[in-house]
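J.: Got a structure here, written out as structure tokens. Questions coming.
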Amino acid sequence: MLELYQFELSHYCEKVRLILDYKGLAYRKIEVTPGIGQIDVFRLSGQRQVPVLRDGNEVIADSTAIADYLDRKYPDRPIIPDDPKQKGLCYLIEQWADECIGLNARKCLIGAFNQDPSFRRAALPATAPDVLKTIVSSVPSEIFNTLGFGVGLSPDAIKAAQDAMKHDLASLCFILMEQPYLVTDHPTLADFAVAAMSTYVKFPTGGYMDIPESLKGRGVSGIADVATFEPFFSWRDRLYAEFRKPSTATASTSSSPTSINIE
């Protein structure tokens, strides 16, 4: 069985999970503990980032490289078009999604956590102690803003990311107004990249991701709840409903997150 070394909340890992589900490939999720678990990932793949896909003796790192590998090795339900123009457009949209939508979505999510105590609380696991939930909810937003300055995420940087995200979502709504998918008449890598990279501005509902129930369907205020962008999120909901399988049905999660068998 295919093995996906991942962080559940990583939108790059979600892109790979969408592709695996679309192709109907069974796989096992191995949750990597940030930090110490990435040492094992390095031993396996020569680098520390996830996702990493293991297929027998083949080990592939990076979501784009994984997508290319899966389309070559498992050609049923192709995600990369044969037509040169469509192929080029597919890769351009995927790169835009990875480098623009994904990055700005992360900044928007951090901004939402900074400003909304209830959102921070919702992100905590259900098993988190009540005292921790209280502490996280009660930290003043000014503290998070100060911490953000230290890592280059000032309120101005977050505002710029929010503006860019709104522009990108509006553009996607225009593209999808008269066609079912971004490049062809069936989903491609471009669609799965855009859908996955947007999860940080609005998490999908349903049992697709192993995240707290209170976080499912929730998103960044001023983006996820704006009617202007509803056509995009409705399109994404349909993509998930048709092609993404519930987490328990698509993959088994390793009970030992940092245990990686390296042969």
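J.: Which residues' amide hydrogens lie under 5 Å from the amide hydrogen of residue 30, considering only partners 5 or more residues apart or on another chain, with H built in the peptide plane?
T.: Long-range HN contacts for residue 30: 4, 5, 6, 254.
J.: Right, another one. Can you tell me how much longer the chain between residue 39 and residue 210 gets when fully stretched, taken as 0.36 nm per residue apart minus their C-alpha distance, in nm with one decimal?
T.: The residue 39-residue 210 span can extend by a further 59.2 nm.
J.: Report the extension gain between residue 77 and residue 100 in nm, rounded to one decimal, defined as 0.36 nm multiplied by the number of residues separating them, less their alpha carbon distance.
T.: 5.6 nm
J.: Within 11 Å, Cβ to Cβ, of residue 215, how many net charges do the neighbouring residues add up to if Lys/Arg are +1 and Asp/Glu are -1?
T.: +3
J.: So, counting K/R as plus one and D/E as minus one, what does the shell of residues with Cβ under 15 Å around residue 47 add up to?
T.: +1
J.: Also: According to a simple spin-label model (label point 7 Å from Cα along Cα-to-Cβ), what is the distance in nm between residue 47 and residue 181?
T.: For the pair residue 181/residue 47, the computed spacing is 2.6 nm.
J.: Could you run the Karplus curve 6.51 cos²θ - 1.76 cosθ + 1.60 with θ = phi - 60° over region 24-38 and give me ³J(HN,Hα) per residue in whole Hz, x for Gly and Pro?
T.: These are the phi-based 3J(HN,Hα) values: x, 9, 6, 8, 10, 7, 10, 6, 9, 6, x, x, 5, x, 6 Hz.
J.: Would you mind checking which residues have amide H under 5 Å from residue 216's amide H? H placed 1.01 Å from N; only 5 or more apart, or other chain.
T.: Distant-sequence amide H within range of residue 216: zero hits.
Only the coordinates and a few stated rules stand behind these numbers; no lab work does. What you see is a predicted model, and the numbers here were worked out from it, not measured in a lab. Don't worry about glycine lacking a Cβ; one is built from the backbone with ideal geometry, like all the others, and counts go over all protein chains shown.
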